[in-house]
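See below for the structure under consideration.
No lab work stands behind these numbers, since they all come straight from the coordinates. Bear in mind the structure is a predicted one, so any value in this text is a computation, not a measurement. Here the Cβ positions follow ideal geometry from the backbone for every residue, glycine too, while neighbour counts run over all protein chains shown.
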Amino acid sequence: MTRRIIIDTDPGQDDAVAILLALASPPEITVEAIVACAGNVPLALTASNARKICELAGRPDIPVYAGCPGPMAARPLVTAEHVHGSTGLNGPDLPEPTMPLQPRHGVDFLIDTLRAEPRGALTLCALGPLTNIAMALIKAPDIASRIREIVLMGGGYFEGGNITPTAEFNFYVDPHAADIVFRSGVPIVMQPLDVTHRVLTTPDRLGRLRAIPTRAAAAVVAMLTFSERFDLDKYGSAGAPLHDPCVTAYLIRPELFSGRHINVEIETMSPLTIGMSVADFWRVTKRAPNALFIREVDDAGFYALLEERLARLP
Ligand code: BDR
Ligand code: CA
C-alpha cells in the first residue's frame, strides 16, 4: 500500500533530490503536499525552490505551503549559503515558478490535515529544521497520536556535527523544535550524519546520473556538482554526502537501511553543545527508546534506486 507523505523542507540541493526521488516513486509513496521551512536559506527562497522542484518534476499540482520564517525560540536564523549558494538551489538554471504558493500557513495546514485524515494515514518527512512540525505539535497536541511516523534527516552521534563540532545543521538551527519532536511520542526514524556521510556522490556515480537523458537528472547533476565543491574541500572524501534523500529512500526501500531503537535527546542549553543529539546507542541509561537511529546503509543500492527513479521523471 502506498505511503502518503507530507514533506517539510528547506531546499537546498539535497532536499531537491529527496523531493524528486519521492515524486518519482509511486506506488510506494504519494506526496500529498510540501511545507517549506527556513533553514538552508530564508523562507521566501525555500518556498520558491520547493515550487521550482515540483515544476521540474512536472508536478505543479502538488500544494506547497510556507511555514515559519525562523526558529521557534528567540534565536537568530542560521542559514547555509556557504554550502548551497545564494538561492539555496545554485547549480541548474531553473525558471521562476509559476505555480502558486498556497495561502494557508504551513503549520495550520499540517494541523488541519492531520485532524481531517484517518489516524495513522500520514507520514511526515522532515528534511530541514523541525520548526513547523514542533509548532504544530505545540499548537495542537492532539495531532501527535494521528501521525504515523516522522522520518527525518538530522543529528549525528559517532560522526560528530557538521555546523559545530557536536551539532548537525538541522538540529542546530532550531534545537528547541528538535527537542519537542523527540519528546512528542510520535514514532521517529532518524537519518543522522552517521549514515548520510556514507552515501557519497563519487565521480563514478555522478557520471551515471549524467547519462540519464532527462531534464530532472540534468538538473540534479548541476545541483550536486555545485554543492559538492564545498563538501569535497571540507571532508576530503571520495564524494559529497547526500543527506536528505536518505529520508525518501528509506520510505521506498527501508531494507537499504538498518539501525537501533534507542533514546535520543537534544541539547538545548549548553552554549558549547547546543543542538547536539545525545544518542544512547549502547543503551547505557534507562531512558525509553524514542527513535530508530539509522546507522547502516547499502549505499550502492541507494544510488541504483536513485538512478532508476530519476529516469522516470521528465
Ligand atoms: C542537512 O543540512 C542541510 O544543509 C541539508 O539540506 C541537510 O538537510 C545536513 O546537515
Ligand atoms: Ca535540508
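Applying a length cut-off of 24 Å (Cα extent along the axis) and a mean Kyte-Doolittle floor of 0.0 to the DSSP H helices of the chain leaves 215-235.
Using only side-chain charges placed at the Cβ, +1 for Lys and Arg and -1 for Asp and Glu, the dipole size of the chain relative to its Cα centre rounds to 520 debye. Once the other residues with Cβ under 13 Å from the Cβ of L305 are scored (Lys, Arg +1; Asp, Glu -1), what is the net sum? Cβ neighbours under 13 Å give a net charge of -1. Take the Cβ atoms of E307 and E32, set R0 to 25 Å, and the FRET efficiency comes out at 0.45. Considering only M276, M135, M99, the Gaussian network model of the chain with Cα springs below 10 Å gives its largest mean-square fluctuation to M99.
Near S184, once Lys and Arg are set to +1 and Asp and Glu to -1 for all other residues with Cβ below 12 Å from its Cβ, the sum equals -1.
Ordering 206-219, 189-202, 78-91 by mean Cβ neighbour count within 10 Å, with the highest value first, yields 189-202, 78-91, 206-219. Charge tally for D280 (other residues, Cβ to Cβ under 11 Å; Lys, Arg +1; Asp, Glu -1): +3. Remark: the A144-M99 segment gains 13.1 nm on full extension, using 0.36 nm per residue and subtracting the alpha carbon distance.
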